[in-house]
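Beneath this line is the structure, given in structure tokens, with notes to follow.
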Amino acid sequence: MAGAIALSAGSASAQDSKKFTIALIPGLTTDAFYITMRKGAEAAAKAVGAELVFQGAPDFNPVTQVPVLDAVIAKKPDAILIAPTDKTQLVQPLKKAADAGIPVITVDTFIGTGQYQTGAGDADFPISYVASDNVLGGAMAARALASAIGEKGKVYVSNVKPGISTTDQREQGFKDEMAKHPGITVLETQFNDNDANKAASQLQAVYARNSDLAGVFGANLFSALGAANGVQQAGQTGNVKVVAFDAPGSIVDNINSGLVDVAIAQHPAEIGYFGVMAAYAHLTGNSVPTAIGTGFTVIDKKNVADPNVAKFIYSE
């Protein structure tokens, strides 16, 4: 009898509670990473009885993201989750949301330094930053590559361009970890401006100068696939090992064919899930950590078909 009373009281209070609207603005709408993040966010919204609004631009660019953000602010959601496309250019546009009383949580990428609620600087106002620990991800890539090349030889990082919070941190984590592997030399980073063809030609140029090149870490997917194509064009598939960051469906074929040796998968569904849960906790008067880190899964030929691993491949 007591159980029945508790149950009815619980359902009554649920009916009385406000239904929150939480907006998720991705870095771009067409990418498997953010499509997977949306699924995690929708699962969390369903669990807490909130409505999730998903609205973004088709490319990763502050020029196209800011008008989307302005349109979302005008609709006055209860909270905004956003993957800011620039750590400085999104500060003032997001400040408009905070000034309008809409709590902001950044997911995947951050504004300012990513250190929030410090009372310092003009970009510390978001409630929380929910993302993979990119320094750790870079370190995991270094350990995987060191193991793949037998702890000896020359390697380098194929990266996008300096100044992107996430890829900078992956490179830092990779280099810091490789410093602990005395048999491995890290060559100069090659920046490809997110152009896979450029990454491929850079690989061939590095290999021409270093015939003992043993491996490459692609700090994002285009960097990795471009470098892998360069390895193939140089006739070195299997000899020069490639570690990729991120794991959309296309990476499975590349792992199975041997073009890519290892992929470090982020958990974007977790990022979306914890982002919504953090927003809901804040809206219901609970304190939220200013940083929430999510995990990684290392995928290679040996485990790519394992359902417990395959579930971390991003939705297309």
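The values are calculated or read from the model by the stated rules, or taken from the named source; none is laboratory data. Just so it is clear, the model here is predicted, and its values are computed rather than measured. Here the Cβ is made from the backbone with ideal geometry for all residues, glycine too, and neighbour counts use every protein chain on show. What goes into the accessible areas is simple: the full protein's heavy atoms, side chains included, and nothing from ligands, DNA or RNA. Shrake-Rupley method; radii C 1.70, N 1.55, O 1.52, S 1.80 Å.
Rounded, prolate or oblate: which fits region 82-126 when a ≥ b ≥ c are the square roots of the eigenvalues of the alpha-carbon gyration tensor, with rounded for a/c under 1.5 and prolate only if a/b beats b/c? Because its axes are fairly even, with a/c under 1.5, region 82-126 counts as rounded. Dipole magnitude for the chain: computed about the Cα centre from +1 point charges on Lys and Arg Cβ and -1 point charges on Asp and Glu Cβ, it is near 220 debye.
For region 89-239, the gyration tensor built on C-alpha atoms gives a prolate shape. Its axis ratio a/c (a ≥ b ≥ c) is at least 1.5, and a/b is the larger of a/b and b/c.
Given the alternatives (i) 59, 52, 29; (ii) 52, 49, 37; (iii) 72, 49, 33, Cα extents along the principal axes in Å as computed for this entry is given by (iii). Sorting the segments 45-56, 120-131 by their mean number of nearby beta carbons within 10 angstrom, highest to lowest, gives 120-131, 45-56. Sorting the segments 182-190, 299-307 by their mean number of nearby beta carbons within 10 angstrom, highest to lowest, gives 182-190, 299-307. Once every DSSP H run of n ≥ 4 in the chain is given -39500 (n - 2.57) and the sum is divided by its residues, what mean residue ellipticity at 222 nm do you get, rounded to the nearest 500 deg cm²/dmol? Roughly -13500 deg cm²/dmol at 222 nm, from the helical runs in the chain.
Rolling a 1.4 Å probe over the protein heavy atoms gives the chain an accessible area of 43 Å² per residue.
Once you have a ≥ b ≥ c as the square roots of the Cα gyration tensor eigenvalues for region 172-229, tell me rounded if a/c is under 1.5, and otherwise prolate or oblate according to whether a/b is larger than b/c.
Verdict is oblate for region 172-229.
Placing unit charges on the Cβ atoms only, positive for Lys and Arg and negative for Asp and Glu, gives region 159-283 a dipole magnitude near 160 debye about its Cα centre. Would you mind telling me the share, in percent, of accessible area of region 18-59 contributed by carbon and sulfur at probe 1.4 angstrom? Answer for region 18-59: carbon and sulfur cover 53 percent of the accessible area. Tally the DSSP beta bridges in the chain and give the antiparallel ones as a percent, rounded to 5. So the antiparallel bridges in the chain amount to around 10 percent.
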